[in-house]
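**Student:** Attaching a single structure in C-alpha cells format; questions to follow.
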Amino acid sequence: MMVSPNLPNAWAVAGGSAEAINVSFLGLNIPIVGYQGSIIPAIVAGYLISRIEKELRKVVPQIIDLIVTPFVTLTVTIFLMLFILGPITHTFEIAVSDFIVMLINAPLGIGYILFGALQQLLVITGLHHTLSIIELQLLADTGENVLNPLMTASMAGQLGAAISAALLMNVKLKRTNAISSSTSTLFGITEPLLFGVNLRSLRILVSGMLGGAVGGLLTYIFGLSATGMGITFIPGLLLYTSSFVSMIQYLVVIVGAFVTGFIAVKVQSNKISEQLNLD
C-alpha cells in the first residue's frame, strides 16, 4: 500500500514535480504520499507490523487468529504510516538529504572530507539508498555527480582497514573469511565487509573512516566527479572514461584511501590484534 503506483512519489512531492493527495480526517487536512525509494518508513513499518502482530497473538482467540491478526495488523500499520508516522519519518529522510547537500557545499573541502569519512555509516543504517535521489538531482542540475567518487573513497578506506585487520587474525579460517567477505567491496558492496570485519572493532571502523577522509580530500583537490551513477569502485571507472586524467585521478583516490586505512590499522596492530584474537 505504501508504494502503490496510485500514490504520488514522496520525493517527487518534496521536489515540487508532483502534488500530494489531500485527505480530510477529523477536521485535519492530511497530505497522503507514497514512499517509493524511501528506507526509514519501510523500517518503521516493518517494526510496527512485528510488534502489533506479536501483541495480537496474545489476545486474539486461536480459532479466528488466522483471519483477524493479519487484517488488524496491516490495517493499523497502514493507517499509522500513511497518516502519522510516514510523514514524520520521511521528513527526517529529507532532512538527511538536505544535510548531505549542505555538507558537500561546505568550504575548503570540509564536506568532502566528512562525507568520505562518514558515508559508510549510512550504509550500516541503510540510509545510503537516499543518496540516489541526490545523485539524480546533481546530474540533472550540473551533469556531474560528485558523490560517486566520494562513496568510492569511503569504500576504499574501509577496504584497506579490513584487509589490514584480516592479516592480523591468527586463525587461518577467520582470516580467509574476512578477506573473502571484503572482496565484494571491489564491486561496490560493502555490507559483508562492514558487518563481518570492521564492526568487530571500533578502531578498525575509525581507521577506515580516516582512509575515506583522505580519499575525500583528494577528490576535492582534483575536483573529481562522475558522469553517471549506479556503479562504484572498479565498475565505477566506466563513469570517468571521458578523460584519461579523470581515470588516473579516480584510481589515485582509491589507492590513497585504501593505503591510509591499511596503515591506520597497522599503526594500532597490537591493540586491534588483541581484540580480534580474544577467542
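The values are calculated or read from the model by the stated rules, or taken from the named source; none is laboratory data. As the structure is a computational prediction, the values presented were derived from the model and not from experiment. Every residue, glycine among them, receives a Cβ derived from its backbone with ideal geometry; neighbour counts consider all protein chains shown.
**Student:** What number of residues within segment 215-254 satisfy the criterion of being free of Cβ contacts under 8 Å to residues at least 40 places away in the same chain and of a type in the set (A, V, I, L, M)?
**Tutor:** Qualifying residue count, segment 215-254: 7.
**Student:** Would you mind telling me which numbered condition in (1) modelled with pLDDT of 85 or more; (2) in contact with a strand residue (DSSP E or B) (Cβ under 7 Å, 6 or more places away or on another chain); (3) among the aliphatic types (A, V, I, L, M) Ala117 fails?
**Tutor:** Of (1) modelled with pLDDT of 85 or more; (2) in contact with a strand residue (DSSP E or B) (Cβ under 7 Å, 6 or more places away or on another chain); (3) among the aliphatic types (A, V, I, L, M), only one is false for Ala117: (2).
Results for (1) within 20 Å of the chain's Cα centre (by Cα); (2) farther than 30 Å from Val171 by Cα; (3) surrounded by 21 or more Cβ atoms within 10 Å (Cβ to Cβ); (4) without any contact (Cβ under 8 Å) to a residue 24 or more places away in the chain, shown as yes or no for each residue.
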{"site": "Phe187", "(1), (2), (3), (4)": "yes, no, no, no"}
{"site": "Pro192", "(1), (2), (3), (4)": "yes, no, no, yes"}
{"site": "Ala213", "(1), (2), (3), (4)": "yes, yes, yes, no"}
{"site": "Asn277", "(1), (2), (3), (4)": "no, no, no, no"}
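**Student:** What number of residues within segment 229-279 are out of contact with any Gly (no Cβ under 9 Å at 6 or more places or on another chain), farther than 28 Å from Ala166 by Cβ and either hydrophobic (A, V, I, L, M, F, W, C) or at pLDDT 95 or above (or both)?
**Tutor:** So the count comes out to 5.
**Student:** Still on this structure, please answer the following. Looking at segment 234-265 only, could you name the residues that are surrounded by fewer than 23 Cβ atoms within 10 Å (Cβ to Cβ), under 21 Å from the mean Cα position of the chain (by Cα) and within 22 Å of Leu103 (Cβ to Cβ)?
**Tutor:** Gly236, Leu239
**Student:** Which ones in segment 9-57 are at pLDDT 75 or above, within 17 Å of Thr89 (Cα to Cα) and not hydrophobic (A, V, I, L, M, F, W, C)?
**Tutor:** Pro41, Gly46, Tyr47
**Student:** Is there any pair linking a residue in segment 62-82 that is part of a helix (DSSP H, G or I) to one that is of a type in the set (Ser, Thr, Tyr), with Cβ under 8 Å and at least six apart or on different chains, and which?
**Tutor:** Met81/Tyr35
**Student:** Out of all the residues in segment 165-185, which are free of Cβ contacts under 8 Å to residues at least 24 places away in the same chain and not in a helix (DSSP H, G or I)?
**Tutor:** Leu167
**Student:** OK, next. Among the numbered criteria (1) free of Cβ contacts under 8 Å to residues at least 24 places away in the same chain; (2) under 21 Å from Gly215 (Cα atoms); (3) surrounded by 12 or more Cβ atoms within 10 Å (Cβ to Cβ), which single criterion is violated by Ile88?
**Tutor:** (2)
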